[in-house]
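Read the figures in this text as sums done on the coordinates, not as results from a lab. Computed from a predicted model, the values in this text were never measured in an experiment. Here Cβ is always computed from backbone atoms with ideal geometry, including for glycine, and neighbour counts include all displayed protein chains.
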Amino acid sequence: MTISRRKFITNIGAATLAAQLSSNAFAIAAKRTGLKEYYADDFKIGAAIGGQILNGNAELEALLVREFNSISPENCLKWESLRTADGGWKWSDADKYVDLGMRNKMYIVGHCLAWHSQVPNSVFKNASGDYVSAEELKKKMTDHITTVVGRYKGKIQAWDVVNEAIGDETGNPMRKSHYFNILGEQFIDHAFYVAHETDPAAHLMYNDYGTERTGKREACIALLKRMKERGVPVNGVGIQAHLHVDEPGVEELEKSIVDFASLGLRVHFTEFDMDVLPNIWKIPVADISTRFEYKPERDPFKDGLPKDMEEKLALRWESIFKIFIKHRDKIERVTTWGISDDGSWLNNFPIRGRTNYALLFDRKHQPHEAYNKLLALRK
Ligand code: G3I
C-alpha cells in the first residue's frame, strides 16, 4: 500500500517528536543528582568520613550519600583507633563506618594496615626500650591484619595496606620507621601477603603523599617495581594528592597517572584536597608530624573566601579534573579527604586554628564554585 508523500513526512515528524519527548522525559526521570552520577562512567567519587558523620550528622550523611559512591575512614581504622592500651580491640566506630557503607551500597575503603604514625611504641619496643625481634613484629602485624581484614572480609573492597613508607629527605630514601628499622622493606611484603591471604578478593594498595611530584614519584615507582619483582600482591597505588592551589602543575599529576598505570596498577586519588593558605615553607605536605606557629598573616581568609580566590579554586579543580577525565581508563577512584571545609584536617595542619577552604563543600555544606565546574565537565 502506498501513502502520500505529505502523510509520510507527517508520520516521520510525529515519530521524531514522540522520540524527542520520550528522551526528554527519560532525561528528567534519570536526573543526575550528584557528582557520583555525573562521573559514573569515569571513576568512583569518594569522601573520607570522620567523627562528624560517625557521631550521627544526618544532614551531612544525606549530602555524602547524594554526592559520593565511595567512603574512606579518616581515622577509625587506624591502629590507635582500633586497639586498647593492653592490645585489645575497640570496634565501635569502625563498625559504624562499614555499616554506613554497606547500607548505602558504597565502595568501602580501609585505611590503613601498616603506617609509621598513630601506632603505640609498645608495638615495636619491649619494656627496656629495645626493638622487639623481627619475628615478634611480624607476629604482631599478622595478628592485627588478619583480625581487621578478616572482620570486614567481603565488605571492605580495597585497603591502603601500607601508608607513607617513603621518606622526604633528598633522594626520597625509604622512611626509617620502626617497621623499616626492624624488618627492612620486608614489612611491606609481609603486610600485603597477610592482607591477601586473609581476603584474596580485596584490592590492595600502596598509599603515599607527594607522589604527584617529581622525586617522590620516581622513588615510589622504584619501590613498586621492587615489590612486583618480589611477587608482592599489590593491585593499586594511592596518590594522596594533598595539593596546594598554586602547585603542582597538572602536568605533574598527569605524569604520575601515566607512570603508575604503566606498572599495571590501578590509580587511586585517595586524599584529594586543596590548601588555599600560604605555604611559606614549601614542605612536602601531609607529614602529620610537621607543626608551625599561628600568625594572622598565615590565616588570611578567616573571615571568608574572597571572590577572586573562589574563582581561582574553581579553575584549579576544573583543570585537574580535565586531566582525570582524560585518563579515566587508568583511574579507579577520586576521593576527597573530607566532605566540607569545616571538617578538613587542613584547618589544623601544619598550623592549628586556621580557616581553610580545601574541599568541594563550604562550611554551610553548600557547593563551592569548583563543584559546579566539575558538573559542567560532564554535562
Ligand atoms: O579523637 C581524639 C579526641 O578524642 C581528642 O580529644 C583529640 C585530642 O587532640 O584527638 C582526637 O584524635 C585526633 C584525630 O585526628 C581525630 O580528630 C588525633 O589527635 C589526630 O592526630 C588525628 O589526626 C588525623 C591524622 O591523620 C593523624 O592520624 C587527621 O584527622 C587525619 O586527617 C590525618 O589523615 C592522614 C592520613 O591518615 C594519611 N595521609 C595523611 C593524612 C593527613 O595527615
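Just tell me which aspartates and glutamates come within less than 18 Å, Cα to Cα, of Lys153; anything on the same chain fewer than 8 places away is out.
Asp93, Asp95, Asp99, Asp143, Glu197, Asp199
Can you give the relative contact order of region 242-379 as a percent, counting alpha carbon pairs under 8 Å and 6+ residues apart? If you can, show how the numbers build up before the last one.
Working: 177 pairs, mean separation 45.3, N = 138.
Dividing the mean separation by the residue count of region 242-379 yields 33 percent.
Just grab the label-to-label distance for Thr170 and Gln366, each label 7 Å out from Cα along the Cβ direction, in nm (one decimal).
If labels sit at Thr170 and Gln366, their model points lie 5.0 nm apart.
Within 10 Å of each residue's Cβ, count the other Cβ atoms and sort Tyr131, Tyr107, Tyr193, Tyr357 from fewest upward. Show your work: numbers first, answer last.
Working: Tyr131 13, Tyr107 21, Tyr193 18, Tyr357 24.
Ordered from fewest to most neighbouring Cβ atoms within 10 Å, Tyr131, Tyr107, Tyr193, Tyr357 come out as Tyr131, Tyr193, Tyr107, Tyr357.
So for the pair Asp329, Asn279, with labels modelled 7 Å out along Cα→Cβ, what separation do we get in nm?
Distance between the two pseudo-spin positions: 3.1 nm.
Excluding Lys155 itself, what net charge comes from residues whose Cβ is under 14 Å from its Cβ, given Lys and Arg +1 and Asp and Glu -1? Please list the in-between numbers first.
Values: positive: Lys96, Arg103, Lys105, Arg151, Lys153; negative: Asp95, Asp99, Asp199.
Once all neighbours under 14 Å are counted, the net charge is +2.
Compute, for the chain, the length of the dipole vector about the Cα centre, with Cβ point charges of +1 (Lys, Arg) and -1 (Asp, Glu) only. Units Debye, rounded to 20.
Working: 52 positive and 52 negative charges, 304 e Å.
So the dipole magnitude of the chain works out to roughly 1460 debye.
If you take the C-alpha gyration tensor of region 328-379, multiply each eigenvalue by 5 and take the square root, what semi-axes do you get, largest first, in whole Å? It would help to have the intermediate numbers written out before the result.
Details: eigenvalues 115, 45, 11 Å².
They are 24, 15, 7 Å, listed from largest to smallest.
State, to one decimal in nm, how far the label point of Thr84 lies from the label point of Glu318, with both points 7 Å from Cα in the Cβ direction.
Output for this residue pair reads 5.5 nm.
Output needed: percent of Cα pairs per 10 Å distance bin for region 177-246, bins running from 0 to the one holding the longest distance.
19, 46, 29, 6, 0
Please report the orientation-averaged projected area of region 251-359, defined via the convex hull of its C-alpha atoms, in nm². It would help to have the intermediate numbers written out before the result.
Numbers: hull surface 30.5 nm².
Across all orientations, region 251-359 yields a mean hull projection of 7.6 nm².
With N residues in region 299-346, what two-decimal value do you get for its Cα radius of gyration over 2.2 N^0.38 Å? Working shown, then result.
On the way: Rg = 13.8 Å, N = 48, 2.2 N^0.38 = 9.6 Å.
Normalised Cα radius of gyration, region 299-346: 1.44.
Give the lysines reachable from Lys295 as a straight Cα distance under 25 Å; neighbours fewer than 8 places away on the same chain don't count.
Lys282, Lys307, Lys312
Whole Å is fine, so just give me how far the alpha carbon centre of region 318-379 lies from that of region 46-71.
14
Would you kindly state how much longer the chain becomes between Lys125 and Thr142 on full extension, computed as 0.36 nm times their sequence separation minus their alpha carbon distance, in nm to one decimal?
Details: separation 17, 0.36 × 17 = 6.12 nm, distance 1.69 nm.
Full-extension gain reported as 4.4 nm.
Which residue, Lys155, Lys216, Lys364, tops the fluctuation ranking in a GNM of the chain built on C-alpha contacts under 10 Å?
Maximum fluctuation in the GNM of the chain, among the listed residues, is at Lys364.
Principal axes first, then extents: for the Cα atoms of the chain, list largest minus smallest coordinate on each axis, whole Å, largest first.
On the principal axes, the chain reaches 99, 55, 41 Å in Cα extent.
Picking from Val267, Ala241, Ile280, whose Cα lies most toward the positive end of the charge dipole for region 228-299 (charges on Cβ: Lys, Arg +1; Asp, Glu -1)?
Among Val267, Ala241, Ile280, the one farthest towards the positive end of the dipole of region 228-299 is Val267.
What is the chain's relative contact order, in percent, from Cα pairs under 8 angstrom and six or more apart in sequence? Don't jump to the answer; show the numbers that get you there.
Values: 596 pairs, mean separation 58.8, N = 379.
Over the chain, the number comes to 16 percent.
Gaussian network model of the chain, Cα springs within a sub-10 Å range: biggest mean-square fluctuation belongs to which of Lys96, Lys125, Lys312?
Lys125
Please state, to two decimals, what the Cα-based radius of gyration of region 123-248 comes to when divided by 2.2 N^0.38 Å (N = residues).
1.12
I need the calculated FRET efficiency for the pair Glu251 and Asn181, taking r as the beta carbon distance and R₀ as 41 Å, to the nearest 0.05.
Details: r = 36 Å, r/R0 = 0.89.
FRET efficiency, Glu251 to Asn181: 0.65.
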